[in-house]
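Undergrad: Here you go, one structure.
No value in this document is a laboratory result; all are computed from the given coordinates. In this text, all values refer to a predicted model and were calculated from it rather than measured experimentally. Counting neighbours? That spans all protein chains shown, and the Cβs are built from the backbone with ideal geometry, glycine included.
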Amino acid sequence: MNDNRTKISFHGAAGEVTGSRHLLETGGKRVLLDCGLFQGHRSDADAKNRTFHFPPSSVDAVILSHAHVDHCGLLPLLYKKGCAAPLHATPSTAEIAAIMMADSARLQQGDAQFYNKLHAEEHLSIEPMYDEEDAELAGSHFEHAEYGKAFAPVPGVTAAFLNAGHVMGSSMTQLDIDTSAGRRRLVYTGDLGREETLLLETPAAPKGADYLVIESTYGDRLHAPLVDAAGKLADTIRRAWKEGGKIIIPSFALERTQELVLIIDKLRHDKTVPEIPVYVDSPMAVSLTEIFNKHKGDLCFDPKFLNYAHADGDPFGFDYIHYLRSKEESQTLNNKGGPMIIISASGMCEGGRILHHLRNNIEKENTTILLVGYQAQGTLGRKLQDGEKRVKIFGMQHEVWARVDTMHSFSSHADKNDLLAFIKAANPARGIFLVHGDPEARAALSAALAAEGIKNVKCPGMGEEFELN
């Protein structure tokens, strides 16, 4: 690498939504922005996740935007393969990511054991990418930085975290870089929160950016208003009560589970729905909900939520919602009849206990599978959302007789209008890179920006690099 060049290259979430990995190179040093797990079809995901297009040992610093696995889930493999760099994150992100990485390791091991058992006679097997020791190794490199506090990941670069409003602890990274052409400011949004929120403060666009690397997940569409979420969820609960069925909700353990519990808690308090049993079946979600309760007085939360939390005392409803940790507790749900709500990870149905609940209930007509988050191309969740009538779970075919509903109100990502407003407010002087979006979403956002007279917009491809001058 020429030490006089400053450049950025894109090694994940370039033309797709998961697996964020962006590499900044300046002054002979390398700074990796996120190191996420690609989620999709097993063989495709395995190939993308196990391959780094740069030597992990060559990375001098890692900056983590937030703790979702599509942003942090490959950190254990990065450090397993020789990275020894400091790992910068906000304190909340570091605390949550340690849980997420360890859980990812356990899920990989559990899914591999179950898959290998089912396919032993076919001599088919899969291996986890990393184990809990690798997750602990990655976690041992965390260095905390509070919002707004400057730190130097490498010589010639000054960084600061800004609230991204996406999930607890999530941050945009503002990087002031000494280049041969002068000082340049690059802002990486990570995943950007929406204007309308249940839990977190709305993110504000930073000023003075030369370059903006911004997600485009919902660059081609608008979200339904959050005010609709409670009514639609109440209708689903009342229907399940009448039919005696189960509502299976694949949910991201971080943020989405807490939002669901908060709305159900309000519905119960308002006597809007019958007292249907609710099970949060995810050890990680239990731990994360405890972290939410611990931090609910922090400034990163929306004032409306803080007021409700103060009045309610227990906004996540521990008194009557059943939080399950053990495998044995989870298995008892297989033999229990409905009605009930089961909230379980993972949100895209690509691993974890949700697969067992789907396997046991997907062929029952009185089951409702309620999708409440983004479903990436190739995932089981996306196949269900697209109406496929036969799907594979652990490699075995299942008929889909369950009702599959989608609620778009819950998204914690900025939608098209939010993204446009943010980009216009940030007004980057030299260039915009659209990442973390399917081709259709990126193209739509790029066209919308062009219609607003905003130029120098790039949609980088996998491995593509650009000089920052």
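Undergrad: Per 0.36 nm of contour for each residue apart, how much would the distance between S57 and E136 grow if the chain were fully extended, relative to their Cα-Cα spacing?
TA: Between S57 and E136, full extension yields an extra 26.7 nm.
Undergrad: Consider all pairwise Cα distances in the range 227-406 and report the whole-number % of them above 19 Å.
TA: Considering the range 227-406, 56 percent of its Cα-Cα pairs are separated by more than 19 Å.
Undergrad: I've got another one for you. Whole Å is fine, so just give me how far the alpha carbon centre of the range 1-54 lies from that of the range 210-262.
TA: One Cα centre to the other: 29 Å.
Undergrad: Please list, in chain and number order, the residues 5+ apart from G28 or on another chain whose amide H is under 5 Å from its amide H, with Hs placed from the backbone.
TA: none
Undergrad: Expressed as a rounded percentage, what relative contact order does the chain have, with Cα pairs under 8 Å and six or more residues apart?
TA: 20 percent
Undergrad: Residues with amide H under 5 Å of F142's amide H, sequence separation 5 or more or different chain, H placed in the peptide plane at 1.01 Å from N; which?
TA: L87
Undergrad: So what's the convex hull volume per residue for the Cα atoms of the range 1-128, in Å³?
TA: Output value, Cα hull per residue: 106 Å³.
Undergrad: Here's another thing I want to ask about it. Using alpha carbon centroids, what distance separates the range 432-463 and the range 162-182, in Å?
TA: Between the Cα centre of the range 432-463 and that of the range 162-182, the gap is 20 Å.
Undergrad: Amide H neighbours of L200 under 5 Å, counting only residues 5+ apart in sequence or on other chains, H built in-plane at 1.01 Å?
TA: Counting only residues 5 or more places away or on other chains, the set is D302.
Undergrad: Another question, if that's okay. Compute the signed sum of charges (Lys and Arg +1, Asp and Glu -1) over the other residues within less than 12 Å, Cβ to Cβ, of D235.
TA: +2
Undergrad: Something else: Against the longest principal axis of the chain, how steep is helix 439-451, in degrees 0 to 90 to the nearest 10, with axes from Cα atoms?
TA: Relative to the chain, helix 439-451 is tipped by roughly 50 degrees.
Undergrad: Could I ask something else about it? Can you work out the Karplus-derived ³J(HN,Hα) for every residue in the range 111-128? Use 6.51 cos²θ - 1.76 cosθ + 1.60 with θ = phi - 60°, whole Hz, and x for glycine or proline.
TA: Whole-Hz 3J(HN,Hα) from phi for the range 111-128: 5, 5, 4, 5, 4, 5, 5, 5, 10, 4, 5, 8, 6, 9, 8, 10, 10, x.
Undergrad: With a/c under 1.5 counting as rounded, go ahead and sort the range 240-309 into rounded, prolate or oblate using the C-alpha gyration tensor (a ≥ b ≥ c being the square roots of the eigenvalues; past the cut-off, prolate if a/b is larger than b/c, else oblate).
TA: Since a/c reaches 1.5 but b/c is at least a/b, the shape of the range 240-309 is classed as oblate.
Undergrad: Estimate the FRET efficiency between A224 and H123 by the formula 1/(1 + (r/R0)^6), using the beta-carbon distance for r and 51 Å for R0, to the nearest 0.05.
TA: 0.60
Undergrad: Just need the Rg to Rh number for the chain, please, alpha carbons only, Kirkwood Rh.
TA: We get a ratio of 0.96 for the chain.
Undergrad: Tell me, what ³J(HN,Hα) does each residue in the range 56-72 have, in order and in whole Hz, if you take phi through Karplus 6.51 cos²θ - 1.76 cosθ + 1.60 with θ = phi - 60° and put x for Gly and Pro?
TA: 3J(HN,Hα) across the range 56-72, in whole Hz: x, 5, 7, 7, 9, 7, 10, 10, 10, 6, 6, 9, 5, 5, 6, 10, 10.
Undergrad: Compare the peptides 403-409, 373-379, 463-469 by average per-residue count of other Cβ atoms within 10 angstrom and give them in order, highest first.
TA: Ranking the peptides 403-409, 373-379, 463-469 by packing returns 373-379, 403-409, 463-469.
Undergrad: Arranged from highest to lowest average of other beta-carbon atoms within 10 Å per residue, in what order do the peptides 93-101, 21-29 appear?
TA: Peptide ranking by packing, descending: 93-101, 21-29.
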